[in-house]
Amino acid sequence: MGFGGGCHWCTEAVFQSIKGVEEVRQGYISTSSDPDRFYEGVLINYDPDQVELHKLIEIHLKTHKSTSNHSMRDKYLSAVYTFHKNQEKTVNNILNDIRNLFPECIITRAYNFGKFIASRKQIQNYYLKDPERPFCKRYIEPKLEMLKLNETINTK
């Protein structure tokens, strides 16, 4: 499964903190309809017995500006990337189900996965390597704190 919507450092740290998420790969993702245009994002592997896709999508929507079509959308596509038609249908059903949790309209969509290019090694595991960085304190830690405070989300 792939996710995009904000800085991949933030998205990576969020998913690395979730119990049941086994691997997070940070990089740049394209859609199948526009395979040469890349957006920051992550690919994850997860154990559905530990965390449901519905919960992962809900977390994603709550940890980036999923209701804002801001000026950086050309870099940060608000997306859930899928790998086959059944997955796309499931994600669309979940997005429709979750919409009522938000007072504003969410703009996040399901997109068919195109290509992935991994980030350079120096910026992978950005938060885990040095959580004291000013960027981590300002942008990532508030998201992680919100997850810890939400009793329905299991964090590592």
Identify, from the list Asn96, Asn86, Asn92, Asn112, the residue that is over 20 Å from Leu147 (Cβ atoms) and either part of a strand (DSSP E or B) or among the hydroxyl-bearing types (Ser, Thr, Tyr) (or both). Asn112
For segment 1-38, which residues satisfy the criterion of being among the aromatic types (Phe, Trp, Tyr), over 12 Å from Val80 (Cα atoms) and either within 8 Å of the chain's Cα centre (by Cα) or part of a strand (DSSP E or B) (or both)? Phe15, Tyr28, Phe38
Of the residues Asp34, Asp47, which is without any contact (Cβ under 8 Å) to a residue 40 or more places away in the chain and of a type outside the set (A, V, I, L, M, F, W, C)? Asp47
Pairs, please: C-beta under 8 Å, at least 6 apart or cross-chain, first residue part of a loop (DSSP other than H, G, I, E, B) and in segment 56-78, second at pLDDT 90 or above and among the polar types (S, T, N, Q)? Thr63/Thr11; His64/Thr11; His64/Ser78; Lys65/Ser78; Ser66/Ser78; Ser66/Thr108; Leu77/Thr31; Ser78/Thr108
Residue, farthest from Gly5 (Cα to Cα), within segment 115-135, restricted to residues that are assigned to a loop (DSSP other than H, G, I, E, B) and in contact with a Phe, Trp or Tyr (Cβ under 9 Å, 6 or more places away or on another chain): Arg133
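Determine whether segment 111-123 contains at least one residue that is in contact with a Leu (Cβ under 8 Å, 6 or more places away or on another chain), touching a residue at least 24 places away in the same chain (Cβ under 8 Å) and surrounded by 12 or more Cβ atoms within 10 Å (Cβ to Cβ). Before you say what the answer is, go through the steps one by one.
If we filter segment 111-123 for residues that are in contact with a Leu (Cβ under 8 Å, 6 or more places away or on another chain), which is where we start, we get 111, 116.
Keeping just the survivors that are touching a residue at least 24 places away in the same chain (Cβ under 8 Å) gives 111, 116.
This time we only want the ones that are surrounded by 12 or more Cβ atoms within 10 Å (Cβ to Cβ), so: 111, 116.
There is at least one residue in segment 111-123 that is in contact with a Leu (Cβ under 8 Å, 6 or more places away or on another chain), touching a residue at least 24 places away in the same chain (Cβ under 8 Å) and surrounded by 12 or more Cβ atoms within 10 Å (Cβ to Cβ).
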Can you work out which of the residues in segment 7-45 that are more than 16 Å from Ile117 (Cα to Cα) and among the small types (Gly, Ala, Ser) is surrounded by the fewest Cβ atoms within 10 Å (Cβ to Cβ)? Ser33
So Arg99 clears everything in (1) at pLDDT below 95; (2) of a type outside the set (A, V, I, L, M, F, W, C); (3) crowded, with 17+ Cβ neighbours inside 10 Å except one condition, right? Which one? (3)
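More than 15 Å from the chain's Cα centre (by Cα) and of a type in the set (Val, Ile, Thr): is that true of Thr90 in this structure?
Values: more than 15 Å from the chain's Cα centre (by Cα): yes; of a type in the set (Val, Ile, Thr): yes.
Yes; evaluated as a whole, the condition is true for this residue.
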In segment 72-94, which residues are surrounded by 14 or more Cβ atoms within 10 Å (Cβ to Cβ) and more than 23 Å from Gln26 (Cα to Cα)? Thr90, Asn92, Ile94
Name the pairs whose Cβ atoms lie under 7 Å apart, with the first residue in segment 128-156 and under 15 Å from Glu58 (Cβ atoms) and β-branched (Val, Ile, Thr), the second exposed (fewer than 14 other Cβ atoms within 10 Å of the Cβ) and modelled with pLDDT of 85 or more, and 6 or more positions between them or separate chains? Thr155/Lys19
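The values are calculated or read from the model by the stated rules, or taken from the named source; none is laboratory data. Everything numeric in this text was worked out from a predicted model, so none of it was measured. All Cβ positions, even for glycine, are placed from backbone atoms using ideal geometry, and neighbour counts span all protein chains on display.
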